[in-house]
Amino acid sequence: MVSPVTVVKSEGPKLVPFFKSTCVYFVLWLPTSSPSWFSALIKCLPIFCLWVFLLAHGFSFLGAHSNARKILAGLIFSALGDAFLIWQEQGYFSHGLLMFAITHVLYSSAFGMKPLNVRAGLVISAVSSVTYVLLYPYLSGPFTYLVAVYVALIGFMGWRAIAGLQLANDLWTWTKLSACLGAVLFMVSDLTIAVNKFCFPVPYSRAIIMATYYAAQMLIALSAVECQDAEVARKRT
């Protein structure tokens, strides 16, 4: 397993633009009541930086690892979803929902189906079902089934990320832990969006949503780079 020190030295500098752009978003804190292309750019900028983070590992790395390509594609659809959600009050919420649904399909594919971990799948299924049952009374029209499909997709993505984390017998790696934490934070972010939009106002909802969302995307992007870091570690030993 690659040591944390190697990870920080290898990946830390590539993530500096992401951290800076995230700080810019929270410092500017542009009002959501006045959507604009500038506010969309500021919101999407940290995700653009994660594109660059993965691309910085080289096209040969992306060409050799399909999971990294899928995560990059997921980040592209995430940026589109972020842009649509800037104008959600103008009727583009469902468009953003679709973009993030595609993102979760791509992330699920990147995490793979091995190991299966049925127990984790049953737990996530139960949590997803309870979540939808609690949201259902507040849903109407097409959101009744759109939210159901979305909950199923993000739940599936969470299952595949969590299933890969095998704590027993030292089978876990920092990237699998990163994927797991990223998926959980993504679910927290989207649950906060759903409760705030359909049920009742959540205090500090925007801060909670964006902080967990950016952290989730960074962790998921990090989960794609294990192979290259392993190669770096081997060369140094």
So if I average 1/r over every pair of distinct C-alpha atoms in the stretch 94-170 and take the inverse, what Kirkwood radius in Å does that give? 13.3
What's the ranking of 159-166, 96-103 by average number of surrounding C-beta atoms within 10 Å, highest first? 159-166, 96-103
Count of lysine pairs in the chain with Cα separation under 21 Å (8 or more residues apart, or interchain): 12
Karplus 3J(HN,Hα) series, Hz, for the stretch 8-14 with 6.51 cos²θ - 1.76 cosθ + 1.60 (x for Gly, Pro): 4, 5, 7, 9, x, x, 6
To the nearest 20 debye, the chain has a Cα-centred charge dipole, built from +1 on Lys and Arg Cβ and -1 on Asp and Glu Cβ, of 380
Calc'd 3J(HN,Hα), the stretch 143-158, phi into Karplus 6.51 cos²θ - 1.76 cosθ + 1.60 (θ = phi - 60°), Hz, glycine/Pro = x, comes to 5, 4, 9, 4, 5, 4, 5, 5, 4, 5, 5, 6, x, 5, 4, x
Which three extents, in angstrom, do the Cα atoms of the stretch 52-123 have along their principal axes, listed largest first? 41, 38, 13
What number comes out for accessible area per residue over the stretch 84-158 if the probe is 1.4 Å? Units Å², please. 55
Calculated Rg and Dmax of the stretch 1-133 using C-alpha coordinates, Å: 17.5, 48
When the expected Rg is taken as 2.2 N^0.38 Å, what fraction or multiple of it is the alpha-carbon Rg of the chain? 1.02
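The values are calculated or read from the model by the stated rules, or taken from the named source; none is laboratory data. All figures in this text were calculated on a predicted structure; none of them were measured in a lab. Note that we place each Cβ from the backbone using ideal geometry, even for glycine, and neighbour counts take in every protein chain shown. The accessibility values were calculated without ligands, DNA or RNA, using every heavy atom of the protein model including side chains. Shrake-Rupley method; radii C 1.70, N 1.55, O 1.52, S 1.80 Å.
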